[in-house]
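Here, each number is a calculation from the coordinates, and none is a lab measurement. Because the structure is a prediction, the values reported are computed rather than measured. A quick note on method: Cβ atoms are made from the backbone with ideal geometry, for glycine too, and the neighbour counts reach across all protein chains shown.
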Amino acid sequence: MALSSMTGFARSHDACGTYAFEWELRSVNAKGFDLRMRLPPGWDAVEPVARKRATELLARGTVYANLTVKRTDAGPVIRVNDDVLASVMKVAADLAAKLAAPPPTVDGILSIKGVLELSEPDDTEAERQAAETAILKAFEQALAALIQMRQREGVSLQQILGSRLDEIAVLAKRADAAPGRQADAVRAKLSEQIATLLESSERFDPDRLHQEAILIAAKADIREELDRIASHVAQARELLGKGGAVGRRLDFLAQEFNREVNTTCSKSNDLELTSIGLEMKNVVEQFREQVQNLE
């Protein structure tokens, strides 16, 4: 299964009967999945079906779906609001009787707000159902195009993340082979630390000296951290190969990478190992930033 980005854009348009319509879909990064639909008045019936379909196909990302609908070959219908007209005529008659004014003209009456109403022409139930079906089909097309775009970006992200994992693996090998981790270097460091302890007191407890030596040796050992980094690299590569909605799991691994690299830097006992650790930390951060874009 292919990897998918959470960002994408798609558009579809079609017509059915006297209706022309267009869908515009845009998706951005998010922790979960959220579909935000903007529909014209009177077309709410398509929302539950469209929402259900999007939920079935997408796992993460905020998707903005905008629908526009226009009538193509039918002009607006002008209707007279009889209730408003009756009220206007009654008021006009009362004023004419009181003020001896001439009767109102037709154009004067029609210019009063509310007497005339503009509305879309009525359609049959069959026409409306056919239009709704066509609109949902167009939504399916736009959704498929959005998924394709997200998958194309997912291919690029997979290559980038694979390269970052390769860099982390190389740096981990360099850290493992660093001169500061060799037995002679560790022994020299211990000797230096022990000499410092002996200088601080002429009557130093041998048991405490032994304990301090063990602590220094343990602090200098990053074998456990390097093993966990190698394990995380293997797990991340497996997830990239598996594909699908693996963004959350890779994000968790990125956090684990960061934790192990920080520990490695804190245990470092020479400049080269510290430099390697900082370089690895930078690559891990780049890995984490790219993982944020994955579904």
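What to note about this one:
- Taking region 245-263 and a reference point 7 angstrom along Cα→Cβ of Ser275, no backbone N atom is nearer than 12 Å.
- In this rough spin-label picture, where each label sits 7 Å from Cα along the Cβ direction, the Glu127-Lys52 distance is 2.8 nm.
- Square roots of 5 times each gyration tensor eigenvalue, C-alpha, region 77-119, largest first, Å: 23, 10, 6
- Per principal axis, descending, Cα span of region 34-152 in whole Å: 78, 28, 21
- Computed FRET value (nearest 0.05) for Val84 with Thr7, which takes r as the C-beta separation and R₀ as 51 Å: 0.50
- In sequence order, region 14-26 has phi-based couplings of 6, 9, 8, x, 8, 9, 10, 9, 8, 9, 10, 10, 9 Hz under the Karplus curve 6.51 cos²θ - 1.76 cosθ + 1.60, θ = phi - 60°, and Gly or Pro positions carry x.
- Net charge of Cβ neighbours under 14 Å - reference Ser163; Lys, Arg +1; Asp, Glu -1: -1
- Label-point separation in nm, Ala92 to Arg174, each point 7 Å along Cα→Cβ: 9.0 nm
- For the set Lys31/Lys52; Lys52/Lys137; Lys90/Lys113; Lys242/Lys267; Lys31/Lys242; Lys31/Lys137, the pairs lying more than 25 angstrom apart at their alpha carbons are Lys242/Lys267; Lys31/Lys137.
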